[in-house]
Amino acid sequence: MVKVVGVRFRETGKVYYFAPGDLEIIDNDAVIVETARGVEYGDVVLGIKEVDESETVQPLKEVLRKATPEDKVVVEENRQKEKEAFEICLEKIAKHQLPMKLIDVEYTFDRKKVIFYYTAPGRVDFRELVKDLAAVFRTRIELRQIGVRDEAKMIGGLGPCGRGLCCATFLDDFAPVSIKMAKKQNLSLNPSKISGVCGRLMCCLRYEYEVYEQGELGQNSLSFRMDDIGDDDGELVLDDEEYDNTSKDSKNNNRRKKHHPKKKTHVKADKAK
């Protein structure tokens, strides 16, 4: 077992483990850590705890220090620089007429690298674009192609349910979703009904799938007693539409009984000996 803290670099991003070292770190602390991309500023979402060594990526890097008010000023300056870099990159893309869509720009905390996230239908030759960007920003440039699900996570929006996208509000990572999950839950297989704004299957199809897979829910088990859903007096309360439908069903049943009366069965009693 090793002691770790969980650090997140975006509001709804993956949680990464770091060794706390001798620092006293609690939830919601801001820290400075070293990653593969360089020195980064992150928020602690999991306080010090012990986890199995197999759950961490070795070698486990330590938290460099707690963030100071000056560090937060640097982060705000980076956010402003990212907006400016976004506009500049859009101009360069239009200049080179590249078939790509710019999604987001991110500065590392130490400003030694600028990362441009984009989507494209295929591979893009952006060598000339990188040269132009490097001449403007005078730092290391990285262009990273992402998928449509990552695009929806970064941009955000509203889902078919009217709520914020799951990926942009609380999901840490994407889990695989298949059409089998929709079939198991007896959902409509119309693509417009089960697809999210990204055009892929909705992540929420996975939420109840395990319950259906275990057989606890399904068409065969959806039965209940009418007296279980009545009011306090044990009477069933129906709205106008339900009452009309119930009356029609009752009349149809009565008609069937008149056309098909039940046969009476006579049983002869044995004579007493």
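For a 24 Å ceiling on Cα separation, which of these pairs sit above it: 14/72; 81/101; 49/153; 101/183; 81/153? Beyond 24 Å: 49/153; 101/183. Across q = 0.23, 0.27, 0.28 Å⁻¹, the range 42-89 modelled as identical point scatterers on its alpha-carbon atoms has Debye log10 I(q)/I(0) values of -0.92, -1.06, -1.10, in the order of the q list. Taking only the C-alpha atoms of the range 1-105, the Rg (one decimal) and the largest Cα-Cα distance, Dmax (whole number), read 17.2, 54 Å.
Within the range 5-78, the GluC sites (Glu not before Pro) that combine a DSSP coil assignment with at most 12 other C-beta atoms in a 10 angstrom radius are 11, 24.
Expressed as a whole percent, the accessible surface of the range 12-132 that belongs to carbon and sulfur atoms is 50, based on a 1.4 Å probe.
The orientation-averaged shadow of the Cα convex hull for the range 113-165, equal to a quarter of the hull surface, comes to 4.6 nm². Semi-axes of the equivalent ellipsoid of the range 72-200 are 34, 18, 12 Å, computed as sqrt(5λ) over the eigenvalues of the C-alpha gyration tensor in descending order.
Once the mean of 1/r is taken over each pair of separate Cα atoms and inverted, the range 55-143 shows a Kirkwood hydrodynamic radius of 14.8 Å. The Cα atoms of the range 11-54 define a convex hull whose projected area, averaged across directions, is 3.7 nm². For the range 135-171, the set of trypsin sites (Lys or Arg not before Pro) satisfying both a DSSP loop assignment and a count of at most 14 other C-beta atoms within 10 Å is given as 138, 163.
The values are calculated or read from the model by the stated rules, or taken from the named source; none is laboratory data. It should be emphasised that the depicted structure is a prediction, and the values quoted were computed from it without experimental measurement. Virtual Cβ from ideal backbone geometry, glycine too; neighbours counted across all protein chains shown. Keep in mind that these areas ignore ligands, DNA and RNA; they rest on the heavy atoms of the full protein, side chains included. Shrake-Rupley method; radii C 1.70, N 1.55, O 1.52, S 1.80 Å.
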